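Below: the structure, in structure tokens.
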Amino acid sequence: MISGRILVVDDEPQIHRFLGPALTASGYTPLRADTAAEALRLAAAQAPDLLLLDLGLPDMDGQAVLQRLRAFSPVPVIILSARDREAEKIAALDNGADDYVEKPFALGELMARIRTALRRAGAATPPPATLHVADLTITPDATHRGGSVLPLTKREHALLLLLARNRGRVLTHRQLLTALWGPAHTEDIAYLRV
């Protein structure tokens, strides 16, 4: 069974009441966001494996959320929306959505689409807890060199861990700022000098 953390972004409580237990029963860990701001914060802080995103959010249109999300994350996104116009679907897919499912939806079909998106993204194999880079051993809690713990701040350690997990990939300044300080700080370039 593929597992992963799935962020459900919807302002309708009944969607969360329905999907939460269904996702849990399928082996996933559901995360909940009722607003766009909360969704972007959680997407940066929790790094979910997949997002289920409604387009009709109270504080920002889902298309704008998708564009902001794509500025810092490649996470698979499945749109769950009552909007059935072809233009909306095309815009969502062009803005970076991986799939589009209309409400009301069949649970079995949605679960199959989730499995497919996770399989494509490679989320079935989580990153190793311990990383080895040169003479460093990096765990989620500390960085070691030669058996000694390096005296890094939490933020320095988080940056090192992020870079080690993305070895061989180019991360933009904006991606680093978002991952370390959250989406509200993507323009605060003075926070980070690498």
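Using amide H atoms built in the peptide plane, which far-off residues or other-chain residues are under 5 Å from Arg32 H to H?
The answer is Val8.
Alpha carbon centre of segment 145-194 versus segment 46-61: separation in Å?
Result: 24 Å between the Cα centres.
Using the Karplus equation 6.51 cos²θ - 1.76 cosθ + 1.60 (θ = phi - 60°), what ³J(HN,Hα) coupling, rounded to whole Hz, does each residue of segment 171-176 give in order, writing x for Gly and Pro?
10, 6, 4, 4, 4, 5
Just one of [x] 41, 16, 12; [y] 29, 20, 15; [z] 32, 19, 14 is semi-axes √(5λ) of the Cα gyration tensor in Å as worked out from the coordinates here. Which one is it?
So the calculated entry is the one marked [z].
FRET efficiency for Ala121 and His173, Cβ-Cβ distance as r, R0 = 35 Å, nearest 0.05?
The pair Ala121/His173 has a calculated efficiency of 0.90.
Kindly express, to the nearest 10 degrees and within the range 0 to 90, the angle between helix 107-121's C-alpha long axis and the longest C-alpha principal axis of the chain.
In the chain, helix 107-121 runs at an angle near 30 degrees to the longest axis.
Taking amide H positions as placed 1.01 Å from N in the peptide plane, with prolines and chain starts having none, which residues 5 or more places from Asp59, or on another chain, fall under 5 Å of its amide H?
So Asp59 has HN proximity to Ala36.
Local charge sum around Pro76 (other residues, Cβ-Cβ under 9 Å, Lys/Arg +1, Asp/Glu -1)?
-2
In whole angstrom, and with the biggest value first, how far do the Cα coordinates of segment 131-191 range along each principal axis?
Principal axes ranked by extent give 37, 24, 17 Å for the Cα atoms.
Given a Förster distance of 41 angstrom, what is the FRET efficiency for Glu38 paired with Arg145, based on the Cβ-Cβ distance and rounded to 0.05?
The value I calculate is 0.60.
Please list, in chain and number order, the residues 5+ apart from Asp99 or on another chain whose amide H is under 5 Å from its amide H, with Hs placed from the backbone.
Hits under the 5 Å cutoff: Val77, Ile79.
Report the antiparallel proportion of the DSSP beta bridges in the chain as a percent, rounded to a multiple of 5.
35 percent
Contour minus end-to-end for Asp11 and Lys103, with contour as 0.36 nm per residue of separation and end-to-end as the Cα-Cα distance?
31.8 nm
Read the figures in this text as sums done on the coordinates, not as results from a lab. The structure presented is a predicted model; accordingly, all values stated were derived computationally and were not measured. All Cβ positions, glycine included, derive from the backbone under ideal geometry; neighbour counts span all protein chains shown.
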